[in-house]
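Here the structure comes first, spelled out in structure tokens, and everything after it is commentary.
The values are calculated or read from the model by the stated rules, or taken from the named source; none is laboratory data. All of these numbers come straight from a predicted model, not from anything done at the bench. In this analysis, Cβ positions are derived from the backbone assuming ideal geometry, glycine residues included, and neighbour counts consider all displayed protein chains. The protein model used for the area step is the full one, side chains on, heavy atoms only, and it has no ligands, DNA or RNA in it. Shrake-Rupley method; radii C 1.70, N 1.55, O 1.52, S 1.80 Å.
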Amino acid sequence: MKPYLRDRIPETLAELPDATAYEAGYLVTKNAGWRSSRPVIHQETCRGCLKCYLYCPEGVIFQDGGKVKINYDFCKGCGICRKICRFGAIEMEEEK
Ligand code: SF4
Ligand code: SF4
């Protein structure tokens, strides 16, 4: 599934800029194969501020059913989202 965040965000947030890149729908090659760790969002801690979405260089963070999610097909595991989340809602887990 390719996330199209602009279609999914609530109207109140519709004026947010696009991410530093663009929606993952514009990426054509899955790049998860070389990821050594993956970000995991703890939904109980997440405040839905969407800062991780704004800073993700791949534009692969999106909202679904009111929850912030990551498209792992395109996430490269850089960890920027973990670093930018001031609520500590994202942890990096080693890929197995
Ligand atoms: S930055 Fe953290 S709190 Fe904000 S939406 Fe992302 S995971 Fe949730
Ligand atoms: S690890 Fe990097 S590419 Fe993956 S969701 Fe976080 S910021 Fe985006």
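Just a few scattered comments:
- The residues Glu95, Glu58, Glu44, sorted by heavy-atom accessible surface at 1.4 Å with ligands and nucleic acids left out, run Glu44, Glu95, Glu58 from largest to smallest.
- Projecting label points 7 angstrom from Cα along Cα→Cβ for Cys78 and Gln43 puts them 2.7 nm apart.
- Estimated inter-spin distance, Glu94 and Lys67, nm [label 7 Å along Cα→Cβ]: 2.6 nm
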